[in-house]
Every structure is written in C-alpha cells, then in structure tokens.
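A.B. asks: Before anything else, here's the structure in question.
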Amino acid sequence: VQLQASGGGLVQTGGSLRLSCAVSGHRSNNYKMGWFRQAPGKQREFVAVINWGSGTLYYAESVKGRFTISRDKIKDTVYLQMNSLKPEDTAVYYCGASLGAWSTLHRQDMYLYWGQGTLVTVSS
C-alpha cells in the first residue's frame, strides 16, 4: 500500500484546508484510513479515522465538529476537511492505513503504512 498526502499550506486562524491522501496498492475493504498529526516538539497524535469499507468514522475530541474525514472509493482518496482552524492545529499531518481493531485505531503503532506528511501552518 502506498499513501501520498497533499494539501497542506499556510492559513489564517478560522480558515479552512482540505488534505488529501491518495491510496494505491490496496484491495481490501478492511483497511481503516487514519489521519494523525505531529506538532513541533510533540508526539504524533490521532486526529480521525474512517473505515474504508463501511465509512464508519471516529474523531479526536480536539477536532470534533471542525474536521471531517471522508473517502472517495472511485478516486481511491481519503480527505480531511479542516474548518475553523486554530494555531494549535499547526502540525505535519500524516495519513496511515491500518487493519487493526476499531478500538485501537487511535494508536499510531496499529498503522502498517504511512504517507510522507503534509505541513499545515495556522497563523494567529
């Protein structure tokens, strides 16, 4: 499985960005596609995850109501729509693919494959 993340950039507080993660090489609806982020000097943290097959979603509390994860099976792409961005959302965002149990998908060690990351900077 290969993942290619894109869409990061510089945005002002309150602005929006949409990240994309192009997926190739997978043939299973059992994959769960997650977004994580890592701010400077901090550990990578869970943001959101979607079940590729069923579309079931799960969000971190810090982004719930502001971010939306979705997938397009035709384009083989996972999206992260980010609205009402805050300076604390500044981070490198990574997409990952997991076959783990739903209850474990907030853990980065449950992800088998990762994209290269895309930088999101929110200015105050």
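The values are calculated or read from the model by the stated rules, or taken from the named source; none is laboratory data. The model shown is predicted, which means the values in this text are computed figures rather than measured ones. Neighbour counts are summed over all protein chains in view; Cβ atoms, including those assigned to glycine, are modelled from backbone coordinates with ideal geometry. Keep in mind that these areas ignore ligands, DNA and RNA; they rest on the heavy atoms of the full protein, side chains included. Shrake-Rupley method; radii C 1.70, N 1.55, O 1.52, S 1.80 Å.
A.B. asks: In contact with a Ser or Thr (Cβ under 8 Å, 6 or more places away or on another chain) and either under 20 Å from Glu88 (Cα atoms) or among the aliphatic types (A, V, I, L, M) (or both) - does that describe any residue in the range 22-31?
C.D. replies: Yes, the range 22-31 has at least one match.
A.B. asks: If a residue counts only when it is within 13 Å of Leu19 (Cβ to Cβ), which strands (runs of 3 or more DSSP E) contained entirely in the range 40-88 have at least 1 such residues?
C.D. replies: In the range 40-88, the matching strands (runs of 3 or more DSSP E) lie at 45-51, 67-72, 77-82.
A.B. asks: Keeping to the range 67-124, report how many residues are hydroxyl-bearing (Ser, Thr, Tyr), open to solvent by 50 Å² or more (accessible area, probe 1.4 Å) and without any contact (Cβ under 8 Å) to a residue 60 or more places away in the chain. Before the answer, list the steps.
C.D. replies: Of the residues in the range 67-124, the ones hydroxyl-bearing (Ser, Thr, Tyr) are 68, 70, 77, 79, 84, 90, 93-94, 98, 103-104, 111, 113, 118, 121, 123-124.
Filter once more, so that each one left must be open to solvent by 50 Å² or more (accessible area, probe 1.4 Å): 68, 84, 103, 113, 124.
Subsequent filtering for residues that are without any contact (Cβ under 8 Å) to a residue 60 or more places away in the chain retains 68, 103.
Result for the range 67-124: 2.
A.B. asks: Any idea which of Ala101, Ala91, Ala5 is within 12 Å of the chain's Cα centre (by Cα), more than 14 Å from Val122 (Cβ to Cβ) and of a type in the set (A, V, I, L, M)?
C.D. replies: Working: Ala101 fails: within 12 Å of the chain's Cα centre (by Cα); Ala91 fails: more than 14 Å from Val122 (Cβ to Cβ).
Just a single option satisfies the conditions, and that option is Ala5.
A.B. asks: Okay, moving on. May I ask you to list the residues in the range 24-38 that are open to solvent by less than 20 Å² (accessible area, probe 1.4 Å) and either outside any loop (DSSP other than H, G, I, E, B) or modelled with pLDDT of 95 or more (or both)?
C.D. replies: Residues satisfying the conditions are Met33, Gly34, Trp35, Phe36, Arg37.
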